[in-house]
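Some notes on the structure that comes next.
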Amino acid sequence: MEVYLVGGAVRDEQLGLPVKERDWCVVGATPDDLLSEGYRRVGKDFPVFLHPETNEEYALARTERKTGKGYHGFQFHTSPDVSLEDDLGRRDLTINAMARDGDGNLIDPFDGNDDLEKKILRHVSAAFSEDPVRILRVAKFRARFASLGFELAAETLGMMKEMVSSGEADALQPERVWQETEAALAGPDPHVYFDVLRDCGALAVVFPEIDALFGVPQPPEWHPEVDSGIHTIMVLEQAAKLCDDVDVRFAALVHDLGKATTRQSELPRHHGHEARSVKLVNSLSDRLPVPRACRELGALVAEYHAHCHRAFELKASTILKVLQKTDAFRRPDRFQKFLLACEADARGRTGFEDRDYPQAGYIERAWKEAGKVSADQVANAEASGAEIGAEIDKLRLSAIKTVKAATTRQVP
């Protein structure tokens, strides 16, 4: 039995990046061999085992044969005679098809290290086209390594396009789409992930609501970039600069979905797109296993981002309504994320990337002052719950009016 370090750990070591997890390939062994040494089996489709001490994953070397559409349309073969090169040859990208033996020697049958040096993402073999999840994975890796200057090989992009046109991408499962998307959203350049999906045509398959935004015009006086799809990508890019939260980045991505459903006769204006966006956020979140935090923040930003942009024009009563609708007093952390997503939207426009966003500070001051009001300040101890609530609203409205008056004196 021979054991090799494989995959991302080898790649990241070669790049000088920290290794977060290690995967191992076992050659010349059977499941019984590993079980006899205390390994615990966890894989259903193919034999994967957890080390009895480190809990790291050890997989028997395997080959695979395409038997049907999609990620699950494979038949796997494991036996002691499957070689390390056989196993590496079934992997997606050359940079992920390297191994290291027990003496630290690099094993690189597909020139992955050369592609690392050239900063190229290239598929290992024609078998790449058999698994549609690889479209998502390549887009994710392109986003992860964008800051290092990695580019996608033209032949690999061409193969991804063929996979989409042949219908192979239609077999992508919602759970796997979200898994890869969530990982990309958590990365340093999530907007690149969606750029790659659009370049190969897969965006229309997995995120048709986002793909439909491209080509839809907006008023150039407010959106010099004009195109709604370009604006969306720019907003996501700005959100990634502002914070690391996946729910903020998701909200940035979906905040304007309703613009794709604006009547042609109304373009480039988008009256009422906020309500339409909320419906599309919810339908997208129904189709994919989007976490509740992402879904809720996405819907709130879709519905109320325009209110935040027009904060200085709003009546005190409208500001209070926004604070109530966003549940700002009970869920302050989420409200802060709401403000960040709105700021990303304001900055996600050509020429506005470095502009200040004073609206967030103003809304935040109003929220903090209104939040100081409590039930203890209501004089009538015999009042009902509804009466106490109404009185609290009055006091909060008064606090917001005070903030508004002070702010009005400061703004020319």
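The table below gives the values:
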{"quantity": "Greater than 31 Å apart at Cα, pairs in LYS140/LYS279; LYS20/LYS241; LYS118/LYS259; LYS20/LYS368", "calculated": "LYS118/LYS259; LYS20/LYS368"}
{"quantity": "ILE120 long-range amide H proximity, modeled H, under 5 Å", "calculated": "GLU151"}
{"quantity": "With Cα atoms, 0 to 90° folded angle of helix 292-309 axis to the chain main axis", "calculated": "40"}
{"quantity": "Long-range HN-HN contacts of GLY7 with modeled amide H, under 5 Å", "calculated": "MET98"}
{"quantity": "Kirkwood hydrodynamic radius of the chain, from inverse mean 1/r over distinct Cα pairs, in Å", "calculated": "24.3"}
{"quantity": "Dipole of the chain, positive end: most advanced residue of GLY38, HIS309, ILE400 [Cβ charges, Cα centre]", "calculated": "ILE400"}
{"quantity": "Computed helical MRE - 222 nm, the chain, DSSP H runs ≥ 4 contributing -39500 (n - 2.57), nearest 500", "calculated": "-15000 deg cm²/dmol"}
{"quantity": "Cα-projected label distance for ARG263 with GLN324, points at 7 Å along beta-carbon direction, nm", "calculated": "3.2"}
{"quantity": "Cβ-placed point charges (K, R +1; D, E -1), dipole of the chain about Cα centre in debye, nearest 20", "calculated": "2240"}
{"quantity": "Cα lying deepest toward the dipole's positive end in the chain, options MET160, LEU197, PRO289, charges on Cβ", "calculated": "PRO289"}
{"quantity": "Distance between modelled label sites at LYS20 and GLU53, nm, 7 Å Cα→Cβ extension", "calculated": "2.6"}
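We did not get these values from a lab; they are worked out from the coordinates using the rules stated. Everything numeric in this text was worked out from a predicted model, so none of it was measured. Please note: Cβ atoms are built from the backbone with ideal geometry, for glycine as well, and neighbour counts cover all protein chains shown.
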